[in-house]
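Here is the structure we will look at.
The values are calculated or read from the model by the stated rules, or taken from the named source; none is laboratory data. Just so we're clear, the structure is a prediction, and the values are computed from it rather than from any experiment. Quick reminder, even Gly has a Cβ in these numbers, built from the backbone with ideal geometry, and neighbours come from all protein chains shown.
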Amino acid sequence: MIFVSLIWIFPLYWLYLIKDGGRNGKGDIFLLLNSNNLTTLICPYPLPPSRDNMPKPALSKIVEEQIKKPSPIRQIMKMAERKNIINMGLDPDDVISFGGGWVNHEAPEEFRKSYIQVCSDKKEFHKSGAYSATPGDSDLRDLIANYEKEIFGIKDLTCDNVIIGQSSTQVTHDTFICLADPGDAILLLDPTYANYPGQMDFALPNSKILHLQVLDPATWTYLPDVNKTIEDFKSIFSEHKPKLVLIPSPDNPSSKMIHPELLSTMRDVTKEAGSFLLIDHAYKTQYFGDSPPKYFSWSPSEHENLVTLHSNSKWARGLGRRLGWVEAAEHVIDGMERIQQCSILCPDSLHQMAMKAYLSKALEDGTLKQYVEEVRRSYEEAANTTISAIDHHLGKPRLEPDGGLYTVMHVGEDSDEFVLRVLKNTGVLFIPGKGFGESLKNGVRISYGPWVGNHEKIKEGMERVGKYLGKN
Ligand SMILES: Cc1ncc(COP(=O)(O)O)c(C=O)c1O
């Protein structure tokens, strides 16, 4: 790159220094200008570097590469920032966003009180300022095992099958490093959670990401023929031997649950090949219907190659009170402990103490079960309102959620353009589907999570978009 700096020499002359890469020195080319002529000189001496043009130390290649491919979701959320909304001529307070992948129910009141208890007791608060054990507090790990037994019927899970981390995002990253090597093949669904490919690139450079298509964009159906998908899975697996198969359930962005037969096949095939089946249970408590699928009670003590990822973000509305955990066979937990020594040293003590106090009470008096039940029902109702509003106002193909916070809707055109057009004309924000996979490039993700307590906004948002699309 050529940089030009301008230096005042004396009244008649301007001196331009043309140089490459910001380094001043011997051999740089000067252009001396006065009113009559142009002279070129080659500098015979090194010159002190100019501060503005000092070369910046390069970041790592992987970071430079990742910066060049920013997440499409982050881009759209940036576009929806207040100042950009104002620039579009819209009132930010009038925008209805279906963009956020977050929950909006209240955390259990007793959980809040347990924070107060820790903070108001001088000794307890002092204790919360200490490091915890690297895999987390062993009593809390026991309580998490009990929670899984109580809510989902997981048997034979003990403290030794649980490691607590900073969040499900952090434990996911560390789990990738624990279970696979750079360059290994990894199998994901299409569509799937948009953060995985970036996480893979950082944790497992040069890994080969394979996709199993589960959404048919032509008919807008999820797993329209499960036997065919099972065959597709077997054939991809036997060709590429992925070290990891990663499935979110309930899924983000589709909110579908993977078919039990497909999941059993994945478990057996990976087991036989010495690979891992990783289930991301970020939305585990937001299952709909009367009971969770049977595989929610699979235990890693029964299935040595099963690893499950968990988060405090969604069940207890702890998105900002960061805590997550992994359930796995003991040798995996040992491996994870070694990685956590280097990645986070230990999980947050204050959150662990508050969670321990809350869980020990709420498991005993039955209020945990009641809380989970009420919360999941509230998301089911928000999902029903969303689907009815889409059907009524838009009449576009969409998926019926089995849990979670989302649905995906077919828009029949490039979703980036659709989202921008709809935002500008209605003040309603959807998320373009492209970032979740090829199958969603003409679809959008719609999150009802933030509107769980305000269904009127869901209806109003769909009505506005319906009116606008009806006119076009
Ligand atoms: C499928 C999935 N996994 C993991 C996460 C991140 O969870 P956490 O807040 O615990 O990092 C999300 C967040 O939206 C998600 O959708």
Region 290-325, residues that are more than 12 Å from the ligand (Cβ to nearest atom) and touching a Leu at 6+ places or on another chain (Cβ under 9 Å):
PRO293, TYR295, TRP298, SER299, PRO300, SER301, HIS303, ASN305, LEU306, VAL307
Here are the criteria: (1) of a type outside the set (A, V, I, L, M); (2) under 25 Å from GLU413 (Cα atoms); (3) free of Cβ contacts under 8 Å to residues at least 24 places away in the same chain. Tell me which single one SER235 does not satisfy.
(2)
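Any residue at all in region 326-342 that is within 16 Å of the ligand (Cβ to nearest atom) and touching a Phe, Trp or Tyr at 6+ places or on another chain (Cβ under 9 Å)?
Initially, region 326-342 is screened for residues within 16 Å of the ligand (Cβ to nearest atom), giving 326-327, 336, 340.
Now narrow it down to the ones that are touching a Phe, Trp or Tyr at 6+ places or on another chain (Cβ under 9 Å): none.
Checked against the condition, which is being within 16 Å of the ligand (Cβ to nearest atom) and touching a Phe, Trp or Tyr at 6+ places or on another chain (Cβ under 9 Å), region 326-342 yields no hits at all.
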For region 193-208, give me the residue count where each residue is surrounded by fewer than 16 Cβ atoms within 10 Å (Cβ to Cβ) and closer than 16 Å to LYS434 by Cα.
1
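Across region 158-178, what is the number of residues that are within 16 Å of the ligand (Cβ to nearest atom) and either under 22 Å from GLU373 (Cβ atoms) or not in a strand (DSSP E or B) (or both)? Let's see the steps before the verdict.
Here is the first cut: in region 158-178, the ones within 16 Å of the ligand (Cβ to nearest atom) are 162-176.
Those left that are additionally either under 22 Å from GLU373 (Cβ atoms) or not in a strand (DSSP E or B) (or both): 166-176.
Total satisfying the criteria: 11.
Among TYR406, TYR448, which is the only one that is surrounded by 22 or more Cβ atoms within 10 Å (Cβ to Cβ), hydroxyl-bearing (Ser, Thr, Tyr), farther than 12 Å from SER97 by Cα and at pLDDT 95 or above? Write out each step before concluding.
Numbers: TYR448 fails: farther than 12 Å from SER97 by Cα.
Going through TYR406, TYR448 in turn, the sole match is TYR406.
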Find all pairs meeting these conditions: Cβ atoms under 6 angstrom apart; at least six residues apart or on different chains; first residue within region 307-327 and acidic (Asp, Glu); second residue part of a loop (DSSP other than H, G, I, E, B) and more than 10 Å from the ligand (Cβ to nearest atom).
GLU327/PRO300
If the Cβ limit is 6 Å and pairs must be 6+ apart or interchain, which residue in region 282-295 that is in the same structural domain as PRO253 (by TED's automatic domain parsing) pairs with which residue that is part of a loop (DSSP other than H, G, I, E, B) and modelled with pLDDT of 95 or more?
ALA282/LYS314; TYR283/PRO250; TYR283/LYS314; TYR283/GLY404; THR285/TRP315; GLN286/GLY404; PHE288/ASP402; PRO293/MET257
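Looking for something closer than 30 Å to TYR358 by Cα and within 16 Å of the ligand (Cβ to nearest atom) - is there at least one such residue anywhere in region 84-100?
yes
Does GLY183 fit the bill of being touching a strand residue (DSSP E or B) at 6+ places or on another chain (Cβ under 8 Å) and on the phi > 0 side of the Ramachandran plot?
Details: touching a strand residue (DSSP E or B) at 6+ places or on another chain (Cβ under 8 Å): yes; on the phi > 0 side of the Ramachandran plot: yes.
Yes.
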ALA194 vs (1) away from the ligand (no atom under 16 Å from the Cβ); (2) part of a loop (DSSP other than H, G, I, E, B): all pass except (1)
Does at least one position in region 173-181 carry a residue that is more than 25 Å from SER60 (Cα to Cα) and of a type outside the set (Lys, Arg)?
no
Of the conditions (1) touching a Phe, Trp or Tyr at 6+ places or on another chain (Cβ under 9 Å); (2) more than 16 Å from the ligand (Cβ to nearest atom); (3) in contact (Cβ under 8 Å) with a residue 60 or more places away in the chain; (4) not hydrophobic (A, V, I, L, M, F, W, C), SER264 fails just one. Which one is it?
(3)
Residue identified as hydroxyl-bearing (Ser, Thr, Tyr), at pLDDT 95 or above, more than 22 Å from ASN227 (Cα to Cα) and within 11 Å of the ligand (Cβ to nearest atom) among TYR287, TYR283:
TYR283
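Would you say MET355 is closer than 23 Å to GLN117 by Cα, among the hydrophobic types (A, V, I, L, M, F, W, C), at pLDDT 95 or above and in a helix (DSSP H, G or I)? Can you show your working first?
Working: closer than 23 Å to GLN117 by Cα: yes; among the hydrophobic types (A, V, I, L, M, F, W, C): yes; at pLDDT 95 or above: yes; in a helix (DSSP H, G or I): yes.
Yes.
Could you go through region 343-351 and let me know if any residue there is assigned to a strand (DSSP E or B), more than 15 Å from the ligand (Cβ to nearest atom), farther than 24 Å from TYR379 by Cβ and of a type outside the set (Val, Ile, Thr).
Our first condition is that a residue be assigned to a strand (DSSP E or B); within region 343-351, this holds for none.
The answer is no; no qualifying residue exists.
Name every residue in region 247-259 that is under 19 Å from SER235 (Cα atoms) and either in a loop (DSSP other than H, G, I, E, B) or more than 16 Å from the ligand (Cβ to nearest atom) (or both), in order of residue number.
To start, the set of residues in region 247-259 that are under 19 Å from SER235 (Cα atoms) comprises 247, 258-259.
Scanning region 247-259 gives ILE258, HIS259.
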Residues within region 209-236 that are surrounded by 19 or more Cβ atoms within 10 Å (Cβ to Cβ) and of a type in the set (S, T, N, Q), tallied
1
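From LYS155, LYS127, which residue is assigned by TED's automatic domain parsing to the domain that holds TYR358 and either without any contact (Cβ under 8 Å) to a residue 12 or more places away in the chain or outside any helix (DSSP H, G or I) (or both)?
Numbers: LYS127 fails: either without any contact (Cβ under 8 Å) to a residue 12 or more places away in the chain or outside any helix (DSSP H, G or I) (or both).
Being assigned by TED's automatic domain parsing to the domain that holds TYR358 and either without any contact (Cβ under 8 Å) to a residue 12 or more places away in the chain or outside any helix (DSSP H, G or I) (or both) holds for just one of LYS155, LYS127, which is LYS155.
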Among the numbered criteria (1) of a type in the set (A, V, I, L, M, F, W, C); (2) in contact with a Ser or Thr (Cβ under 8 Å, 6 or more places away or on another chain); (3) closer than 30 Å to SER235 by Cβ; (4) not in a loop (DSSP other than H, G, I, E, B), which one does LEU187 miss?
(2)
